[in-house]
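Remarks on the structure that follows.
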Amino acid sequence: ERQAERGGAQPHSLSAGRPRMRLVTALLSMPLDLIQPVLYKLEKRVASASIPQAFNAPGRLRLANEQPGVAAGFDHSAWTGCLQRHVTVGGAVGDVRELNTVDYAGLSKDPEFDRYLVQLEGADLGVLGPREELALWMNAYNALCCAHIVRHLRSSEADPTPLKSILALKKDGVPIWDQIAGKVGSLELSLNQIEHDRLRKRWAEPTVHACIVCASASCPNLRREAFAAATLEVQMKEQLLDWVSNPTKGLSVEDGGKKLVLSRIFLWFEDDFPPMVRSYLASQKLPEPAATAVASRRARIRYFAYDWSINRSP
């Protein structure tokens, strides 16, 4: 590639590249389903370049080992109110069904949403126990992700055409995930900083991936209540089951149980589901036919295309 950038490869380079070209030609001539595993490995490698490893972070916590704190926790009731007023179940975007959609226009006019963002800015992180901290960061991720969309709607420079994807909010070459999303306590943070530093590297809890929502159709559904320290296990388990029970974006059993189609999140964050995705899912007591398909080594794994369309209510 470097030779090509300098003005073209030399003849001996072409000769050396012929076996590779023959391999590519052979792969392209194969049925797509047979070469999918190779393509997935390449995609995982690309994703790994931008997703920091978390499984080897020292001192990661497990929720089961953390007791509720005795001090009063952070009050997320304003966020719960917003979710109940502006999130609707059973929606559809593209091919994704049973989607929790968000009325972002209504949220942008709701003073309780702004009040919650102010609460997040004033959070005293030092007094929160681990469980309260986990609940706060998951709620903060979801609220601040919504805040990106709300700011776009409120901006006088916003394109009058509806925003199609959160990815379109890339600014000056900076992806939306790396832009400052808001302030929590004294910290100005991006969504990536919350997801990777405050959640994935802090907690050995794979179900976090079922609880944080990036305003897109193929994300897990946005829960219609805030996460609370006292009920985290139940809430997070419900989120996981809701996600993998959705055959249009979470998990689908096809071809008579011979094919298992999963969310691409299980591919991109494969290392977060130890010891491997299939065995992790098998341990979750899924309903049939998912349980049998997951337990079967014969079921080949494939992944849904990821729909980045906004999870907007019609």
Query raised in the report: Given the protein chains as shown and a 1.4 Å probe, how many square angstrom of Ile310 are accessible, to the nearest 10?
Result: 10
Requested in this report: Pull up the DSSP beta bridges for the chain and report the antiparallel fraction as a percent, rounded to 5.
Outcome: 70
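Just the number: Rg to Rh for the chain, Cα atoms, Kirkwood Rh, two decimals.
1.01
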Report summary line: What helix-only [θ] at 222 nm does the chain give? Using -39500 (n - 2.57) per DSSP H run of at least 4, over all residues, to the nearest 500, the answer is -12000 deg cm²/dmol
Requested in this report: Obtain the nm distance between the two label points defined at Thr161 and Lys258 by a simple spin-label model: each point lies 7 Å from its Cα along the Cα-to-C-beta direction.
Outcome: 4.3
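How much of the DSSP beta bridge set in segment 161-314 is antiparallel, as a percent to the nearest 5?
75
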Query raised in the report: Do any GluC sites (Glu not before Pro) in segment 171-243 lie in a DSSP loop with no more than 16 other beta carbon atoms within 10 Å, and if so, which?
Result: Glu225
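State whether segment 122-179 is rounded, prolate or oblate according to the following rule on the C-alpha gyration tensor (a ≥ b ≥ c being the square roots of its eigenvalues): a/c under 1.5 gives rounded; otherwise a/b larger than b/c gives prolate, and the remaining case gives oblate.
prolate
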**Report entry** Cα centroid separation, segment 72-108 to segment 238-299 (Å)
**Finding:** 25
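Could you tell me the convex hull volume per residue, in Å³, taken over the Cα atoms of segment 189-268?
114
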Query raised in the report: What accessible area per residue comes out for segment 56-163, rounded to a whole number of Å², with a 1.4 Å probe?
Result: 49
**Report entry** Rg/Rg_ref, segment 222-291, where Rg_ref = 2.2 N^0.38 Å and atoms are Cα
**Finding:** 1.18
Report summary line: Expressed per residue, the solvent accessible area of segment 171-212 in Å² (1.4 Å probe) is about 40
Query - Length added when fully stretched, Ile35-Asn65, from 0.36 nm per residue minus Cα-Cα - result: 6.5 nm
Requested in this report: Sequence neighbours fewer than 8 away in the same chain don't count; with that in mind, list the lysines whose C-alpha is under 20 Å from Lys171.
Outcome: Lys183
Report task. Measure up Lys249/Lys285; Lys41/Lys258; Lys237/Lys285; Lys170/Lys237 against 22 Å on the Cα-Cα distance and list the ones that go over. Result -> Lys170/Lys237
Query raised in the report: Measuring with a 1.4 Å probe in the full set of protein chains, what accessible area per residue, in whole Å², belongs to segment 221-314?
Result: 46
Report summary line: Dimensionless Rg/Rh of segment 104-152, both radii on Cα and Rh by Kirkwood, sits at 1.03
Requested in this report: Tell me which residues come under 5 Å, amide H to amide H, from Arg312 once H is placed; ignore anything under 5 positions away on its chain.
Outcome: Val102
Query raised in the report: In angstroms, what radius of gyration and Dmax does segment 156-314 have, counting Cα atoms only?
Result: 17.2, 55
Query raised in the report: Taking 0.36 nm per intervening residue step and subtracting the Cα-Cα distance, what contour gain separates Thr292 from Glu121 on full extension?
Result: 56.9 nm
**Report entry** Under the Karplus curve 6.51 cos²θ - 1.76 cosθ + 1.60, θ = phi - 60°, whole-Hz ³J(HN,Hα) for segment 256-265, x wherever Gly or Pro sits
**Finding:** x, x, 8, 9, 10, 9, 10, 4, 5, 4
Report summary line: For the chain, the percent of accessible surface on carbon and sulfur atoms (probe 1.4 angstrom, ligands and nucleic acids excluded) is 55
Requested in this report: Express in nm, to one decimal, how much length is gained between Tyr306 and Ala47 on full extension, taking 0.36 nm for each residue of separation and deducting their alpha carbon distance.
Outcome: 91.9 nm
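The values are calculated or read from the model by the stated rules, or taken from the named source; none is laboratory data. What you see is a predicted model, and the numbers here were worked out from it, not measured in a lab. All Cβ positions, even for glycine, are placed from backbone atoms using ideal geometry, and neighbour counts span all protein chains on display. What goes into the accessible areas is simple: the full protein's heavy atoms, side chains included, and nothing from ligands, DNA or RNA. Shrake-Rupley method; radii C 1.70, N 1.55, O 1.52, S 1.80 Å.
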